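Scroll down for the structure; my scribbles are underneath it.
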């Protein structure tokens, strides 16, 4: 339950920073914090107390003599795989956004979002 509250807190902190702040770096940091909160929420939704990851070791293989695993003792690995993929994508998006901000700074010598009003529709 603590992880749900902490992840929702991170999501709301990131949402606040993305919507209220006017500095582009602070907006990117807010989006990154929100991304971390969403990843934490997905992982906490996939957690089941008393279960383990579905990893088959050689010890288990030789002891049981087959590849059958008791599914009542393992968790679903899909949320962990999704979060691992989301972390990689989040890092790439953050790096690209920071490179765009660096380019914008080199043109306007400012990173305040109000200085880029001519880019609006």
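The values are calculated or read from the model by the stated rules, or taken from the named source; none is laboratory data. All values derive from a computational prediction rather than experimental measurement. Cβ atoms come from the backbone with ideal geometry, glycine included; neighbour counts cover every protein chain shown.
Within the range 54-69, restricting attention to residues that are surrounded by 10 or more Cβ atoms within 10 Å (Cβ to Cβ) and not in a loop (DSSP other than H, G, I, E, B), the residue that is modelled with the lowest pLDDT is 64. For the range 94-121, filtering for residues that are touching a residue at least 60 places away in the same chain (Cβ under 8 Å) and in contact with a helix residue (DSSP H, G or I) (Cβ under 8 Å, 6 or more places away or on another chain) leaves 8. One residue is enough: does the range 36-53 have a residue meeting the conditions at pLDDT 90 or above and within 21 Å of residue 113 (Cβ to Cβ)? Scanning the range 36-53 turns up no residue that is at pLDDT 90 or above and within 21 Å of residue 113 (Cβ to Cβ). Among the candidates 22, 51, the residue that is under 30 Å from residue 103 (Cβ atoms), in contact with a strand residue (DSSP E or B) (Cβ under 9 Å, 6 or more places away or on another chain) and surrounded by fewer than 18 Cβ atoms within 10 Å (Cβ to Cβ) is uniquely 22.
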